[in-house]
Amino acid sequence: MNTPVRLAILGSGNGTNAQQISEYFAGRTDVEVACIIYNKKDAYIAQRAKNLGIESHYFGRSDFFQNGNVLKYLAEKKVDWVILAGFLWLVPEDMLAAYPNRIINIHPALLPKYGGKGMYGHHVHEAVVAAGEHESGITIHIVDHHYDCGTTLFQARCTVTPDDTPDTLAAKIHLLEKEHFPRVIDETIKHS
């Protein structure tokens with residue numbers, strides 16, 4: 001039997017995407033979520049990992065950017081792909097080097113619009129609504145050295161109406177994330 005492709009999911013917050021990805025791959029023999037890593041001590045993603053029976057680990061800023069503890073942990077867990085699911089830090093150089101073209105992120109807008117440092121979550125939806133955009137969506141992309149600039153793997157769109165608020169737009173985006181993110185991860189791994 002072949003060894004399954006092992007994923008690490010990195011998150012900073014609630015963990016809804018981490019849960020959806022984990023549930024999508026649950027019971028599969030070819031792909032498994034090896035661990036969930038988070039960088040905010042009180043992030044609800046840790047509770048989701050516990051509920052799913054997936055090992056989770058908190059790492060602080062120095063673990064990511066100075067002492068290499070995250071990379072050591074990923075190596076111990078034999079991780080093949082890193083998935084960013086609401087992870088708010090720029091991925092450090094050593095992790096990019098260890099996982100070339102094997103780090104996937106999702107962004108809640110149609111990049112290159114509304115990307116970059118500070119553009120995450122509700123900040124994105126507020127900017128889209130304030131600009132009077134007629135559409136928004138999600139972008140799933142490979143991570144590179146800059147926020148939200150790597151090769152686009154997939155985009156899905158939704159209409160933004162004059163009645164939309166940042167909250168109603170966020171709900172539309174969450175539906176797109178749920179529908180597409182796990183599937184695009186799966187397809188990207190299969191075609192790598």
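The values are calculated or read from the model by the stated rules, or taken from the named source; none is laboratory data. Values in this document were obtained by computation on a predicted structure and should not be read as measured data. Don't worry about glycine lacking a Cβ; one is built from the backbone with ideal geometry, like all the others, and counts go over all protein chains shown.
What is the one condition in (1) under 24 Å from residue 172 (Cβ atoms); (2) modelled with pLDDT of 95 or more; (3) in a helix (DSSP H, G or I) that residue 104 does not satisfy? Of (1) under 24 Å from residue 172 (Cβ atoms); (2) modelled with pLDDT of 95 or more; (3) in a helix (DSSP H, G or I), only one is false for residue 104: (3).
Look at residue 116 and say whether it is surrounded by 18 or more Cβ atoms within 10 Å (Cβ to Cβ) and on the phi > 0 side of the Ramachandran plot. It is false that residue 116 is surrounded by 18 or more Cβ atoms within 10 Å (Cβ to Cβ) and on the phi > 0 side of the Ramachandran plot.
Scanning segment 147-192 for residues that are assigned to a loop (DSSP other than H, G, I, E, B) and within 24 Å of residue 5 (Cα to Cα) yields 150, 151, 191, 192. Residues in segment 139-192 that are of a type in the set (Lys, Arg) and touching a Ser or Thr at 6+ places or on another chain (Cβ under 9 Å): 157, 172, 178. Scanning segment 146-179 for residues being under 16 Å from the mean Cα position of the chain (by Cα) and hydroxyl-bearing (Ser, Thr, Tyr) gives a total of 3. Residue 138 passes every criterion in (1) in contact with a helix residue (DSSP H, G or I) (Cβ under 7 Å, 6 or more places away or on another chain); (2) modelled with pLDDT of 95 or more; (3) part of a helix (DSSP H, G or I) apart from (3). In segment 149-159, is there at least one residue being surrounded by 13 or more Cβ atoms within 10 Å (Cβ to Cβ), under 18 Å from residue 13 (Cβ atoms) and modelled with pLDDT of 95 or more? No; the residues of segment 149-159 include none that is surrounded by 13 or more Cβ atoms within 10 Å (Cβ to Cβ), under 18 Å from residue 13 (Cβ atoms) and modelled with pLDDT of 95 or more. Scanning segment 64-79 for residues that are closer than 12 Å to residue 95 by Cα and assigned to a helix (DSSP H, G or I) returns 64, 65, 69, 70, 71, 72, 73, 74, 75.
Of the residues examined, residue 28 is not one that is surrounded by 17 or more Cβ atoms within 10 Å (Cβ to Cβ) and basic (Lys, Arg).
Residues in segment 180-192 that are in contact (Cβ under 8 Å) with a residue 12 or more places away in the chain and either assigned by TED's automatic domain parsing to the domain that holds residue 18 or over 17 Å from the mean Cα position of the chain (by Cα) (or both): 192 only.
Considering (1) within 22 Å of residue 60 (Cα to Cα); (2) surrounded by fewer than 22 Cβ atoms within 10 Å (Cβ to Cβ); (3) aliphatic (A, V, I, L, M), the lone condition that residue 170 does not fulfil carries the number (1).
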